[in-house]
Amino acid sequence: MKQKFFWKSFVSFSLAWSFLIIFISGIVLYIAPPGRVANWTIWTLFGFSKAGWQAIHTIFSYTFVILSVFHLFTLNWKVFWHYFTTKAATGINKQKELLVSVILIAVVFLGTYFNTQPFKAVIDFGEWTTESWETKDEQPPIPHAETLTVRELSAKYVQMSADSILLLINQKGLKADSVGQTILEISELNNLTPAKLYSIIIPNNADGNIKTENKSQFQGFGRKTMAEVAKELGKDVNTLIDVLKKNSIEANPTDLLKEVAESAGKTPMEIMDLIK
């Protein structure tokens, strides 16, 4: 005898699994390194990259919503509609609970939006955890530097010709075919991370090859807000913001310098070069 398929049980189990995966992936993304570090070092957890975890979180969030809608409007619609019409007719008799729930959600929403405690502490801890993955040796020259070709790396960031970089890579016994290949393509070809490949091109003791002036003078400014940077430089913060705006870069006094740089696709030092 063919066993009956119980859709309610199927949807309930699926909702439970989806919630669990959303919960786990949310925690992973909360503590994961920033994208520039994750891509530069090929960061993975349980075999999944940060992009992989983001995809899992997104897809299962949609899955959870779709299953919830299906659960409500297909399997339990009659029960829900009966409850709704009954309460509408008799009036909501849990007004105190309703009011408290609205207040709770409003407090959490506004507290998060205005970045007040204790919500700020939760966000700050996540940012601290995220930034703890980043070390000086693993910082890319710019966000998503792995997408640069050897030619672009030479033209913008390294005081070496593209052909010299290609020759250096080959002399190290690594494979590289053309100056049109990206750092990521060459690193994958040699089973390296982009960070490791870059350290071969630009050794730690060869900072002079990097096209950045006054590198040590402004070290650590990336973690300062624009207001703090202005104070360090002895300038008005609005003047600095106006300079950036003229260069099509948006910034606010409370924005971190590194956040402004990332949104503009530049390094913190390039932003400093504009405003100093």
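Let's see how each residue does on (1) open to solvent by 90 Å² or more (accessible area, probe 1.4 Å); (2) at pLDDT below 85:
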| residue | (1), (2) |
| --- | --- |
| Val158 | no, yes |
| Asp163 | yes, no |
| Leu167 | yes, no |
| Gly173 | no, no |
| Val179 | no, no |
| Pro194 | no, no |
| Lys211 | no, yes |
| Lys224 | no, yes |
| Ala227 | no, no |
* Please work out if Lys94 is modelled with pLDDT under 85 and either among the basic types (Lys, Arg) or within 26 Å of the chain's Cα centre (by Cα) (or both). => yes
* To do: Output the number of the condition that Thr116 fails; it satisfies all remaining conditions of (1) at pLDDT 85 or above; (2) in a helix (DSSP H, G or I); (3) closer than 30 Å to Gly26 by Cβ.
  => (2)
* Asked: Yes or no: Leu104 open to solvent by 80 Å² or more (accessible area, probe 1.4 Å), within 24 Å of Ile31 (Cα to Cα) and of a type in the set (A, V, I, L, M)?
  -> no
* When you go through (1) aliphatic (A, V, I, L, M); (2) in contact with a helix residue (DSSP H, G or I) (Cβ under 8 Å, 6 or more places away or on another chain); (3) at pLDDT 75 or above one by one for Ile103, which number turns out not to apply? -> (2)
* To do: Provide a single number: the residues in segment 146-156 that are in contact with a helix residue (DSSP H, G or I) (Cβ under 6 Å, 6 or more places away or on another chain) and either open to solvent by less than 70 Å² (accessible area, probe 1.4 Å) or at pLDDT 90 or above (or both).
  => 4
* Structure fact -> By my count, helices (runs of 4 or more DSSP H) wholly in segment 1-78 with at least 1 residues that are surrounded by fewer than 17 Cβ atoms within 10 Å (Cβ to Cβ) and over 28 Å from the mean Cα position of the chain (by Cα) are 7-31, 50-70
* To do: Among the numbered conditions (1) closer than 24 Å to Trp43 by Cβ; (2) open to solvent by less than 80 Å² (accessible area, probe 1.4 Å); (3) modelled with pLDDT under 80, tell me where Ile200 comes up short.
  => (3)
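Here is a yes/no grid of residues against (1) within 21 Å of Thr130 (Cα to Cα); (2) touching a strand residue (DSSP E or B) at 6+ places or on another chain (Cβ under 6 Å); (3) not in a helix (DSSP H, G or I):
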{"position": "Thr239", "(1), (2), (3)": "no, no, no"}
{"position": "Leu244", "(1), (2), (3)": "no, no, no"}
{"position": "Thr254", "(1), (2), (3)": "yes, yes, yes"}
{"position": "Lys266", "(1), (2), (3)": "yes, no, yes"}
{"position": "Ile271", "(1), (2), (3)": "no, no, no"}
* **Given (1) assigned to a helix (DSSP H, G or I); (2) surrounded by 14 or more Cβ atoms within 10 Å (Cβ to Cβ), index of the condition Pro143 fails** => (1)
* **Residue match in segment 182-189 (condition: of a type outside the set (Gly, Ala, Ser), at pLDDT 85 or above and on the phi > 0 side of the Ramachandran plot)** => no
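The values are calculated or read from the model by the stated rules, or taken from the named source; none is laboratory data. This one's a predicted model, so the numbers in the text were calculated from it and none came from an experiment. All Cβ positions, even for glycine, are placed from backbone atoms using ideal geometry, and neighbour counts span all protein chains on display. Areas reflect the complete protein model, heavy atoms only, side chains present, ligands, DNA and RNA absent. Shrake-Rupley method; radii C 1.70, N 1.55, O 1.52, S 1.80 Å.
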